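One structure below.
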Amino acid sequence: MAGSAAVLEDGSLISRLDRRLLKAEQLLALLSGLAVFSLMILAVVSVGGRNAANAPLPGYVDWIEQIMPLIAFMGIAYVQRQGGHIRMDIFIGALRGRALWLFELVSVVLILLLILALVWGSWSHFLRSFDFAAPLWSRDSSIDIGLPIWPAKLLAPVAFAVLSLRLLLQVWGYGRALVLGLEAPVAVPLIQSAAEQAAAEADQMQGHDTNGSGQG
């Protein structure tokens, strides 16, 4: 299952790189959220046009196909940084110290190998669709209104490349923790217990209350 995780920060090089990459991940996650919102707008326009003037949005399905990669791929690196992807943590929850970091390191390395293969495969898939000499630089298009498909195909290798950078940082972080025997390494998601999660949420709520009182 997915747990709640905290990512510690300090002044080290790995932590500075983590924060810089986080800005890019947050931007991609924001684009993904805006894509979800745009689907709502398209649905309202299409349904409203059909009901009001018997004229639904032309190419509604084509636009959905273009937007779906934004929703599916753009937020995966951010979720990986936060430790929010689905996983079984019954076993690793019982591990501590170097045993835990070794397990996490092996897991992240295996994921990285898979993602690198996906970067190569998705980039090759994009290249089969893209052509500078073709109209709209596209060798293929959507069925209804002829939208070029290569922009949607480009999103997958871009998102996977950012995820690869995140995984490389986590390999560094877990490897550093394994070698140095760190208790709480930076730049990697540290799974919180229920009590730690509740305490963090209480601190966050207390901060909001303090800010609200100060503004009042």
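The values are calculated or read from the model by the stated rules, or taken from the named source; none is laboratory data. Here the structure is a predicted model, which is why all the values come from computation and not from measurement. Cβ: placed from backbone, ideal geometry, glycine included. Neighbour counts: every protein chain shown. Just the protein is used for accessible areas: all its heavy atoms, side chains included, with ligands, DNA and RNA removed. Shrake-Rupley method; radii C 1.70, N 1.55, O 1.52, S 1.80 Å.
A few remarks follow.
- Residue that is farthest from LEU165 (Cα to Cα) [pool: residues in region 116-140 that are among the aliphatic types (A, V, I, L, M), free of Cβ contacts under 8 Å to residues at least 24 places away in the same chain and not in a loop (DSSP other than H, G, I, E, B)]: LEU136
- Test: residue in region 61-77 that is surrounded by fewer than 16 Cβ atoms within 10 Å (Cβ to Cβ) and under 13 Å from the mean Cα position of the chain (by Cα): yes
- Condition met for LEU113 (touching a residue at least 40 places away in the same chain (Cβ under 8 Å), farther than 23 Å from ARG19 by Cα and either touching a Pro at 6+ places or on another chain (Cβ under 6 Å) or not in a loop (DSSP other than H, G, I, E, B) (or both)): no
- Filtered residue count, region 122-147, keeping only those that are of a type in the set (Val, Ile, Thr) and farther than 21 Å from TRP63 by Cα: 0
- For the criterion of being aliphatic (A, V, I, L, M), open to solvent by less than 60 Å² (accessible area, probe 1.4 Å) and either modelled with pLDDT of 95 or more or assigned to a helix (DSSP H, G or I) (or both), LEU182 fails.
- Per-region count, region 141-150, residues open to solvent by 50 Å² or more (accessible area, probe 1.4 Å) and either free of Cβ contacts under 8 Å to residues at least 24 places away in the same chain or out of contact with any Asp or Glu (no Cβ under 9 Å at 6 or more places or on another chain) (or both): 1
- Qualifying residues in region 8-53 (those that are of a type in the set (Gly, Ala, Ser) and open to solvent by 70 Å² or more (accessible area, probe 1.4 Å)) - the one farthest from GLU183 (Cα to Cα): ALA53
Condition check ((1) modelled with pLDDT of 90 or more; (2) of a type in the set (Gly, Ala, Ser); (3) more than 14 Å from LEU70 (Cβ to Cβ)) across all residues:
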| residue | (1), (2), (3) |
| --- | --- |
| SER4 | no, yes, yes |
| LEU13 | yes, no, yes |
| ARG16 | yes, no, yes |
| GLY33 | yes, yes, no |
| VAL36 | yes, no, no |
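- Residue within region 17-37 that is within 20 Å of ILE111 (Cα to Cα), in contact with a strand residue (DSSP E or B) (Cβ under 9 Å, 6 or more places away or on another chain), of a type outside the set (Phe, Trp, Tyr) and part of a loop (DSSP other than H, G, I, E, B) present: no
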